[in-house]
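A short write-up of the structure that comes next.
The values are calculated or read from the model by the stated rules, or taken from the named source; none is laboratory data. Predicted model, so just to flag it, every value in this text is computed and none were measured. Glycine also receives a Cβ, built like all others from the backbone with ideal geometry; neighbour counts cover every protein chain displayed. Please note that ligands, DNA and RNA were not included when accessible areas were found on the heavy atoms of the full protein model with its side chains. Shrake-Rupley method; radii C 1.70, N 1.55, O 1.52, S 1.80 Å.
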Amino acid sequence: MKTILTATALCIIASISGAETSETAVLKKRTAEFRKDVVQVAGNVYTATGYSVQPVSMIVGDDGLVIVDTGLDTISAQGVLAEFRKITALPIKAIILTHGHGDHTGGLPVFAAEGSPDIWARGNFGDEGHAFESAGLTINRKRGARQGGFLLPPEKRINNGVAQAYYPKRGGAVFGADKSVQPNKHLTEARKTIEYAGIKIDLVSLNGETKDALYVWYPEQRVLFSGDNFYKSWPNLYPIRGSAYRDVQAWADSVDQMLQENPDKLVPGHTRPILEKKLVTEMLTNYRDAIRFVFKKTIEGMNQGMTPDELVDYVKLPRKYSKKDSLKEYYGNVEWAVRSIFAGTLGWFDGNPTTLFSLPVKGESERMAALAGGQDKLELVACQALEKQDFQWAAQLCDHLISLDPKTAAPKLMKAVALEGLAENLLTATGRNYYLTCAQELRKEAGPESKAMMPAKTDEKSEANKKAALDFFQLIMGDRDYEAARQYVGEYEQHDPRIGDGYNALVEALETLPPWKDRPQTKIDFKNVAADGNLVYFQTHKEIKALDDGSPARRIVVHVFRFNDDGKIDEHWTVAHSVKLKDCVNKHPLF
């Protein structure tokens, strides 16, 4: 690819605005949901929030405790247990795990060490992890780390949508169950009542986020512990780390089943407890109905022959749901749910015969390049997409460029910027994390030498070019020091019709042509200096006498310089204008 196009691409990369988007602002505000706290949900029910990525709850009985979920790791569990011990010193009689994900089970060794408690879980506990293992899949861990943002530096993470940003030692493996301690009691029935320390609770089998899910119903205080089949966000009906189909209808039915308990208080699988009965009913009802709407609307479109790409434009969450904070796409995303429903109910084939046997990736990229007029032109189109902040199109074009030339750094850097732009404009934290992690990986693949190819940030570049333009102009026009000025010049294409192209032609004109040849050395008084990346603008003002009648007049000259990526002047424009003061109708002619 031509160097000039690569330089253009890198220049545009540096010109992208870093202004905070509305999505970023909303996600930052969301962080207040995850503050550290121990909430007294009911008389003898306490929930610790903000210590881990999910709430850990304690029910206090006559002579012992029941713990519901244990948090993500032993460190956070120790912090929670220390807080609980400020409330009671009673022994732990039972631990209930709402499902097998590691963010709910990782603290189990800490709580299990408090005596010899029974540990309850579904009979198919860890079902999702077992499916990965039996298939020999490991990529889910890498994708899980991307989704969780575990490989990103803290400054690139805001939160995870339903939890604060957290760095588990197990990385992407955290989504699987911790096997160091295992349940010894298994729920195999649809519903079972158990009793510990005078606490009677019902365990109810569910299907939804996982097939090994259950919820806990504590009728005495009318408290419902939902597990991950409810939290304050649009549900993660499909996780981009990968999973088997999450039965969307079953998920909605499980929320309906929880609603039928008529709870007064609700402890979600993530986010803070809900303590007002009216709000509990409203949130569960909207959650159930919104999921059912998306499922039915997707099936409706599928029956009309729509493909997944068409369905994501067809299925939109009605405003009565989307405006509610508890259904915003903080963690899950409606588009991902639509695609998952299609694949989970009908399979991978979208119905379009063209996609039965697609072109190889490189073969399609070669044809795209030919269509654009060559690989260089394809890169230019990608550059233009970045300049317009059309990040999705830029990323897709960069995929073709990378396919054609996988060892070249520039397309990887361009795609990295496109992904970073997509991240800034996405509310869904898991998607943001995935974009940013992949961008980080692309920058690493491009190699350390690629950093030298990257121009400075826009504001830094603008300031550097501005200073260079003023220094150059002072040297050549004010000091008449042509040798010193030469260091600032590149190709120097000239748009003044009196002067030829190139630096030597400029010097010759200044030495031989009026009005420059006899001009004395002077200090230039620059006015209204501005810079925008590679372009620098300024004015010079002068009080003169009109040539025809000698009356007072003013002259203004606007200079525009274009710098290349090496910080040298490649192009120069001048626009001059003079006016007699006696002809002016205002008190501030020209300047």
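What to note about this one:
- Scanning the stretch 51-75 for residues that are outside any strand (DSSP E or B), at pLDDT 95 or above and out of contact with any His (no Cβ under 9 Å at 6 or more places or on another chain) yields Gly61, Asp62, Asp63, Gly64.
- Failed criterion for Leu97 (all others in (1) touching a helix residue (DSSP H, G or I) at 6+ places or on another chain (Cβ under 9 Å); (2) of a type outside the set (Gly, Ala, Ser); (3) open to solvent by 10 Å² or more (accessible area, probe 1.4 Å) hold): (3)
- Residue list for the stretch 291-316, restricted to those being within 16 Å of Pro235 (Cβ to Cβ) and open to solvent by less than 40 Å² (accessible area, probe 1.4 Å): Ile291, Val294, Phe295, Thr298, Val315
- Residue match in the stretch 325-340 (condition: open to solvent by less than 10 Å² (accessible area, probe 1.4 Å) and not in a helix (DSSP H, G or I)): yes
- Any chance Lys277 is touching a helix residue (DSSP H, G or I) at 6+ places or on another chain (Cβ under 9 Å), in contact (Cβ under 8 Å) with a residue 12 or more places away in the chain and among the basic types (Lys, Arg): no
- Flag set for Arg246, criterion: open to solvent by less than 30 Å² (accessible area, probe 1.4 Å) and under 29 Å from Ala343 (Cβ atoms).
- Condition check for Arg288: in a loop (DSSP other than H, G, I, E, B), crowded, with 16+ Cβ neighbours inside 10 Å, under 30 Å from the mean Cα position of the chain (by Cα) and not acidic (Asp, Glu): no
- Condition check for Glu128: in contact (Cβ under 8 Å) with a residue 24 or more places away in the chain, surrounded by 16 or more Cβ atoms within 10 Å (Cβ to Cβ) and either under 23 Å from Ala32 (Cβ atoms) or in contact with a strand residue (DSSP E or B) (Cβ under 9 Å, 6 or more places away or on another chain) (or both): no
- Only one of Gly301, Gly227, Gly332 that is among the small types (Gly, Ala, Ser), out of contact with any Lys or Arg (no Cβ under 9 Å at 6 or more places or on another chain) and closer than 27 Å to Val60 by Cβ: Gly227
- Residue count for the stretch 253-265, restricted to those that are surrounded by fewer than 23 Cβ atoms within 10 Å (Cβ to Cβ) and either at pLDDT below 95 or of a type in the set (A, V, I, L, M, F, W, C) (or both): 1
- The stretch 223-243 - residue that is open to solvent by less than 10 Å² (accessible area, probe 1.4 Å) and among the hydroxyl-bearing types (Ser, Thr, Tyr) and, of those, nearest to Ile194 (Cα to Cα): Ser226
- Cβ separations smaller than 8 Å between residues 6+ apart or across chains give the following pairs from the stretch 84-98 residues that are under 10 Å from Gly61 (Cβ atoms) to residues that are aromatic (Phe, Trp, Tyr): Lys93/Tyr196; Ala94/Trp120; Ala94/Tyr196.
- If you check Gly106, Gly172, Gly115, Gly149 for being modelled with pLDDT under 90 and surrounded by 21 or more Cβ atoms within 10 Å (Cβ to Cβ), only one passes: Gly172.
- Conditions (1) open to solvent by 10 Å² or more (accessible area, probe 1.4 Å); (2) touching a residue at least 40 places away in the same chain (Cβ under 8 Å); number of the one not met by Glu220: (2)
- Flag for Asp496 being in a loop (DSSP other than H, G, I, E, B) and open to solvent by 50 Å² or more (accessible area, probe 1.4 Å): no
- Filtering the stretch 243-301 to residues that are among the β-branched types (Val, Ile, Thr) and at negative phi leaves Val248, Val255, Val267, Ile274, Val280, Thr281, Thr285, Ile291, Val294, Thr298, Ile299.
- So Tyr238, is it under 17 Å from Asn433 (Cα atoms), assigned to a loop (DSSP other than H, G, I, E, B) and without any contact (Cβ under 8 Å) to a residue 24 or more places away in the chain: no
- Residue in the stretch 256-276 that is nearest to Thr31 (Cα to Cα), counting only those that are in contact with a strand residue (DSSP E or B) (Cβ under 8 Å, 6 or more places away or on another chain) and assigned to a helix (DSSP H, G or I): Met258
- Candidates are the residues of the stretch 400-433 that are free of Cβ contacts under 8 Å to residues at least 40 places away in the same chain and out of contact with any helix residue (DSSP H, G or I) (no Cβ under 7 Å at 6 or more places or on another chain); the one that is surrounded by the fewest Cβ atoms within 10 Å (Cβ to Cβ) is Lys407.
- Within the stretch 448-470, being surrounded by fewer than 15 Cβ atoms within 10 Å (Cβ to Cβ) and either at pLDDT 85 or above or in contact with a Lys or Arg (Cβ under 7 Å, 6 or more places away or on another chain) (or both) holds for Glu463, Lys467.
- In the stretch 311-321, the count of residues that are in contact (Cβ under 8 Å) with a residue 12 or more places away in the chain, out of contact with any helix residue (DSSP H, G or I) (no Cβ under 6 Å at 6 or more places or on another chain) and within 26 Å of Tyr435 (Cβ to Cβ) is one or more.
- Subset tally (residues that are at pLDDT 90 or above and open to solvent by 50 Å² or more (accessible area, probe 1.4 Å)) for the stretch 530-543: 2
- Some residue of the stretch 507-524 being exposed (fewer than 13 other Cβ atoms within 10 Å of the Cβ) and in contact with a strand residue (DSSP E or B) (Cβ under 9 Å, 6 or more places away or on another chain): no
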